[in-house]
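Undergrad: Structure provided below as structure tokens; questions to follow.
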Amino acid sequence: MVAGLVFLGYALSPNEPTIHAALGSVLFPATMVIGLGAAIRAGFHPRLRPGVRRAWRLAALGMLLLTVSGIGIGIAAASDARVMLGLSNTLRALSCVPLLTGILLLPTKALTRWARYRFALDFVIVLGSGFTLVWYILLYPILEERGLSATEIARVLTFPLADLALMFGAVAVRIRGVDTQARRPTLLLLLGATALFLADSSVGYISVHGEFDLATGYVVNRLAYLGLLLLALASIDQCHRAWHAGEQPPQQRWSPPSLAAPYLALTPSLGLLVYAAFRHGPLPWGGLVLCMLVMSLAVIGRQIIALRDNRHMMYFDTLTGLANRAKVAEQLDRALDATRRTGDSTAVLLIDLDRFKQINDTFGHEVGDRFLAGFANLLRRSVLGSDTVGRLGGDEFIVVLERVGSAANAASVADRILAAASEPIAMGERRLWARPSINIALFDRSCQDADDLLHRADMAMYVAKRRGGNSWHLHHDAPADAGAESDADSETLGLELGQALTDGTLHIRYHPVVTVATNELVAVEASPYWDHPRRGLLPPRLILAAAELVGASGGVWEWLVTHACQQRDQWQQHYATVGSPALIVTFPLSLLRAPDCVDTVFSVLDGTGLDAHRLVLKATGEVLLADSSVIDHLLTLRARGIKVAVDGLSLQGLLHPSVDIMTLDQRWFIGEDPAVTPGVDVAIRLGELMQLQLVREGNETELRFHSPV
């Protein structure tokens, strides 16, 4: 806004030489110095990605040369110092090198082989269009004017060709798809280079033809100032975008390639062709040129329509016409960038249709597809036109609410969707009701990026579904009850387990295990505990449940055995007088079901050096009811020396073919003599009869066995 007002004031200033020169002597150097400072700041701003910072450091060097040359030209013009003028012009020409290098070093999207071919052809089109302008405005007049020396020709061509190189560089990175952090700055650089090209080409044309007047000079000066102002605005905008980014640079994203740029580049060439044909007489070339112009414009229009059609197929779901996952990600990134800059809230509604599988199974996939299309229309009617509605796949939809204001506004949108879903979706004679579970998440400063926001919405889905579906849940709401969020909590913990395995918050506690009959130490049980930064100390039950939910059981089990074996080795000398106790670790049922279960166990044992006979795998009571593949794995592990233990005292456990040991918890022990309880004595005798061992967790006192309440 300020820059626009400054340029407007300069553009509307009186064409009085004194006033014009005074304004130029202030505005030109001030603009270049401000642009240089912003470019230096962008080159070292921590919130910009490394590739963008590196590009702006080179661009800052180019703007430094441009600033020094501009100040030198102003001094030379005032004092008629020809040597300084020549040196300043040399610096101006050299400034193009770091500027162009910086532009070309901006991070761009990697291209496939065919995309590289397309990029090369697009660049040839842009290059040809630029050469057309240079040819008509500069080269043709120079060749026609045969009296010019090589020095004069170089002076006329140097600046326009340097500006043209900057234009080509900016167009090249935009055609490929530049980093989203540099998308608007590259557009400003392109516009600035274009304004400078027009100004320098005008100066060259005037130098060749000698047609100079004050009015033309004022126009050229304003064009030159506009170009410098746009270059400065590019660096200022880059700093502005960095200022409104998060504390850390967000995940790298690419702006969509500028597919229309090559066709837009043809426009000035075609216009110049028509101008030249009619300037030198409409006959015989006027009609031919007009026909070629019409045909070229028709071809360009057809290609642009084809590109838009291809882009629609690429970014929109063919069944529902909604935005697909790629388009939603693009729109969400833009919305979050705007949120960081302006502070306006962005929310996502992740929507899952309950019982959609039953519709498919009962009525067939054709009816299911029509049902999804009907629900998509329902969503469109329930939101504003500026909001993005998309289908992520299957029966999962998403709504991106920009500038939503508050959580209450997002909830009101969810209420509108639920109210609309209360009416049946008509499909000919058949009418079906949708039951959406809606999960709401708002973007705030604790949210890192779009993936984090979608994850929060996904976490809220568990609560909405546990409430019976056909409802909404806000991610920041307090849970209605502890059980309602158990799945969501477990998945959150599971996703944090990877960090816990490396940051030292996960540790192992060891419990002595003794026989029920004799109190003899036979094993040490290793159990994981977690000093969670927000939830305090978490027991093994929660840790193992979380690992099961996200598929991390194998990693946690391997970590547990590896570290327990290291600790056991340190204790080995101490236990030498009482034998070598076995190591008991809980073995998840999901690992027992895995086809490579046996190989996984022995791979860990090989890595730790633990003898298979000294390892006891402790399973829950579920293993007693498992399928034959689990039993086969247990029998194979037993055959290779590993013992199997199960929790609790049960007839199934006593009779199960794969069980060696049964463990009893501390609820059974409150006194001094376990033999006084007849039931325990019977259990011990049955265990001996079935060749099973009954063990319990030991402690430093003498314990007595009793039946739990």
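The values are calculated or read from the model by the stated rules, or taken from the named source; none is laboratory data. What you see is a predicted model; the values in this text were computed from it and never measured. Please note: Cβ atoms are built from the backbone with ideal geometry, for glycine as well, and neighbour counts cover all protein chains shown. The area values use the complete protein model at the heavy-atom level, side chains included, leaving out ligands, DNA and RNA. Shrake-Rupley method; radii C 1.70, N 1.55, O 1.52, S 1.80 Å.
Undergrad: Considering only region 28-58, state which residues are open to solvent by 30 Å² or more (accessible area, probe 1.4 Å) and either in contact with a strand residue (DSSP E or B) (Cβ under 9 Å, 6 or more places away or on another chain) or outside any helix (DSSP H, G or I) (or both). Walk me through how you get there before you give the answer.
TA: The initial filter retains those residues of region 28-58 that are open to solvent by 30 Å² or more (accessible area, probe 1.4 Å), namely 28-30, 33-34, 37, 40-41, 44, 46-47, 50, 53-54, 57-58.
Matches in region 28-58: PHE44, PRO46, ARG47.
Undergrad: Can you confirm whether LEU133 is exposed (fewer than 15 other Cβ atoms within 10 Å of the Cβ) and out of contact with any Gly (no Cβ under 7 Å at 6 or more places or on another chain)? Explain how you work it out, then say what you get.
TA: Numbers: exposed (fewer than 15 other Cβ atoms within 10 Å of the Cβ): no; out of contact with any Gly (no Cβ under 7 Å at 6 or more places or on another chain): yes.
No; evaluated as a whole, the condition is false for this residue.
Undergrad: Right, something else. Checking ASP531 against (1) touching a residue at least 24 places away in the same chain (Cβ under 8 Å); (2) closer than 26 Å to ASP569 by Cα; (3) out of contact with any Ser or Thr (no Cβ under 8 Å at 6 or more places or on another chain); (4) open to solvent by 30 Å² or more (accessible area, probe 1.4 Å), which test does it fail?
TA: Every listed condition holds for ASP531 apart from (3).
Undergrad: Taking region 635-654 only, how many residues are more than 22 Å from VAL513 (Cα to Cα) and modelled with pLDDT of 70 or more?
TA: Number satisfying all stated conditions: 4.
Here is a yes/no grid of residues against (1) modelled with pLDDT of 85 or more; (2) in a helix (DSSP H, G or I); (3) not hydrophobic (A, V, I, L, M, F, W, C):
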{"residue": "PHE278", "(1), (2), (3)": "no, yes, no"}
{"residue": "GLY281", "(1), (2), (3)": "no, no, yes"}
{"residue": "GLY287", "(1), (2), (3)": "no, yes, yes"}
{"residue": "MET295", "(1), (2), (3)": "no, yes, no"}
{"residue": "ASN310", "(1), (2), (3)": "no, yes, yes"}
{"residue": "ASP344", "(1), (2), (3)": "no, no, yes"}
{"residue": "LEU372", "(1), (2), (3)": "yes, yes, no"}
{"residue": "PHE375", "(1), (2), (3)": "yes, yes, no"}
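Undergrad: A further question follows. Quick one: ALA245 ticks every box in (1) out of contact with any Gly (no Cβ under 6 Å at 6 or more places or on another chain); (2) modelled with pLDDT under 85; (3) open to solvent by less than 20 Å² (accessible area, probe 1.4 Å); (4) in a helix (DSSP H, G or I) except a single one, so which number is it?
TA: Only one criterion is unmet by ALA245, namely (4).
Undergrad: Any chance region 76-88 includes a residue that's at pLDDT 80 or above, of a type in the set (A, V, I, L, M) and touching a Leu at 6+ places or on another chain (Cβ under 7 Å)?
TA: no
Undergrad: Within region 166-195, count every residue that is open to solvent by 10 Å² or more (accessible area, probe 1.4 Å) and over 33 Å from the mean Cα position of the chain (by Cα).
TA: Count: 1.
Undergrad: Restricting to region 143-162, give me the number of residues that are free of Cβ contacts under 8 Å to residues at least 60 places away in the same chain and part of a helix (DSSP H, G or I). Full working, then the answer.
TA: So in region 143-162, the residues free of Cβ contacts under 8 Å to residues at least 60 places away in the same chain come out as 143-144, 146-147, 149-154, 156-157, 160-161.
Adding the requirement that they be part of a helix (DSSP H, G or I) leaves 143-144, 150-154, 156-157, 160-161.
Result for region 143-162: 11.
Undergrad: Of the residues ALA3, ALA59, ALA22, which single one is at pLDDT below 65 and not hydroxyl-bearing (Ser, Thr, Tyr)? Don't jump to the end; show me each part of the working.
TA: On the way: ALA59 fails: at pLDDT below 65; ALA22 fails: at pLDDT below 65.
That would be ALA3, the only listed residue that is at pLDDT below 65 and not hydroxyl-bearing (Ser, Thr, Tyr).
Undergrad: Condition check: under 30 Å from ARG340 (Cβ atoms), open to solvent by 80 Å² or more (accessible area, probe 1.4 Å), basic (Lys, Arg) and out of contact with any His (no Cβ under 7 Å at 6 or more places or on another chain). Does ARG155 satisfy that?
TA: Working: under 30 Å from ARG340 (Cβ atoms): no; open to solvent by 80 Å² or more (accessible area, probe 1.4 Å): yes; basic (Lys, Arg): yes; out of contact with any His (no Cβ under 7 Å at 6 or more places or on another chain): yes.
So ARG155 does not fit the description; no.
Undergrad: Oh, and also: Looking at (1) open to solvent by less than 70 Å² (accessible area, probe 1.4 Å); (2) without any contact (Cβ under 8 Å) to a residue 12 or more places away in the chain; (3) under 28 Å from GLN181 (Cα atoms); (4) of a type outside the set (A, V, I, L, M, F, W, C), which is the one condition that is false for GLY86?
TA: Exception for GLY86: condition (3).
Undergrad: Out of the strands (runs of 3 or more DSSP E) lying entirely within region 503-618, which hold 2 or more residues that are more than 30 Å from ASP632 (Cβ to Cβ)?
TA: Working: elements: 506-515, 521-532, 536-538, 582-586.
By residue number, 506-515, 521-532, 536-538.
Undergrad: For the condition touching a strand residue (DSSP E or B) at 6+ places or on another chain (Cβ under 8 Å) and closer than 18 Å to THR586 by Cβ, what is the one hit in VAL524, VAL516? Talk me through it step by step, then tell me what you get.
TA: On the way: VAL516 fails: closer than 18 Å to THR586 by Cβ.
Answer to the selection: VAL524.
Undergrad: Looking only at region 373-393, count every residue that is open to solvent by less than 40 Å² (accessible area, probe 1.4 Å) and out of contact with any Ser or Thr (no Cβ under 6 Å at 6 or more places or on another chain) and tell me the total.
TA: Total satisfying the criteria: 12.
Undergrad: Let me ask something additional. How do the pairs read when you match residues in region 167-188 that are closer than 20 Å to HIS45 by Cα with residues anywhere that are polar (S, T, N, Q) and open to solvent by 20 Å² or more (accessible area, probe 1.4 Å), using Cβ under 7 Å and keeping only pairs 6 or more apart or on different chains?
TA: Between residues of region 167-188 that are closer than 20 Å to HIS45 by Cα and residues that are polar (S, T, N, Q) and open to solvent by 20 Å² or more (accessible area, probe 1.4 Å), the close pairs are VAL178/THR108; ASP179/GLN252.
Undergrad: Within region 101-124, how many residues turn out to be open to solvent by less than 40 Å² (accessible area, probe 1.4 Å) and among the hydrophobic types (A, V, I, L, M, F, W, C)? Can you show your working first?
TA: Filtering region 101-124 down to residues open to solvent by less than 40 Å² (accessible area, probe 1.4 Å) leaves 102-103, 106-108, 111, 115, 122.
Those still in the list that are among the hydrophobic types (A, V, I, L, M, F, W, C) too: 103, 106, 111, 115.
The number of residues fulfilling the criteria is 4.
Undergrad: Ok, one more. Give the residue that is surrounded by the most Cβ atoms within 10 Å (Cβ to Cβ), with candidates limited to residues of region 312-333 that are free of Cβ contacts under 8 Å to residues at least 60 places away in the same chain and assigned to a helix (DSSP H, G or I).
TA: TYR315
Undergrad: Which of (1) open to solvent by less than 20 Å² (accessible area, probe 1.4 Å); (2) free of Cβ contacts under 8 Å to residues at least 12 places away in the same chain does SER412 not meet, given it meets every other one?
TA: (1)
Undergrad: With respect to the numbered conditions (1) of a type in the set (A, V, I, L, M); (2) within 30 Å of LEU273 (Cβ to Cβ); (3) surrounded by fewer than 18 Cβ atoms within 10 Å (Cβ to Cβ); (4) in contact (Cβ under 8 Å) with a residue 24 or more places away in the chain, which one is the sole condition not fulfilled by LEU94?
TA: Among (1) of a type in the set (A, V, I, L, M); (2) within 30 Å of LEU273 (Cβ to Cβ); (3) surrounded by fewer than 18 Cβ atoms within 10 Å (Cβ to Cβ); (4) in contact (Cβ under 8 Å) with a residue 24 or more places away in the chain, the lone unmet condition for LEU94 is (2).
Undergrad: Residue by residue through region 415-434, note down the ones that are open to solvent by 60 Å² or more (accessible area, probe 1.4 Å), without any contact (Cβ under 8 Å) to a residue 60 or more places away in the chain and not in a helix (DSSP H, G or I).
TA: Listed by number, the residues that qualify are SER422, GLU423, ALA426, GLY428, GLU429, ARG431, TRP433.
Table: residues versus (1) of a type outside the set (A, V, I, L, M, F, W, C); (2) at pLDDT 85 or above; (3) closer than 19 Å to SER95 by Cβ.
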{"residue": "PHE131", "(1), (2), (3)": "no, no, no"}
{"residue": "LEU139", "(1), (2), (3)": "no, no, no"}
{"residue": "LEU143", "(1), (2), (3)": "no, no, no"}
{"residue": "THR180", "(1), (2), (3)": "yes, no, no"}
{"residue": "LEU188", "(1), (2), (3)": "no, yes, yes"}
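Undergrad: Starting from region 591-613, take each residue that is on the phi > 0 side of the Ramachandran plot and list its partners that are in a helix (DSSP H, G or I), counting only C-beta distances under 9 angstrom and pairs at least six apart or across chains.
TA: GLY609/CYS565; GLY609/ASP569
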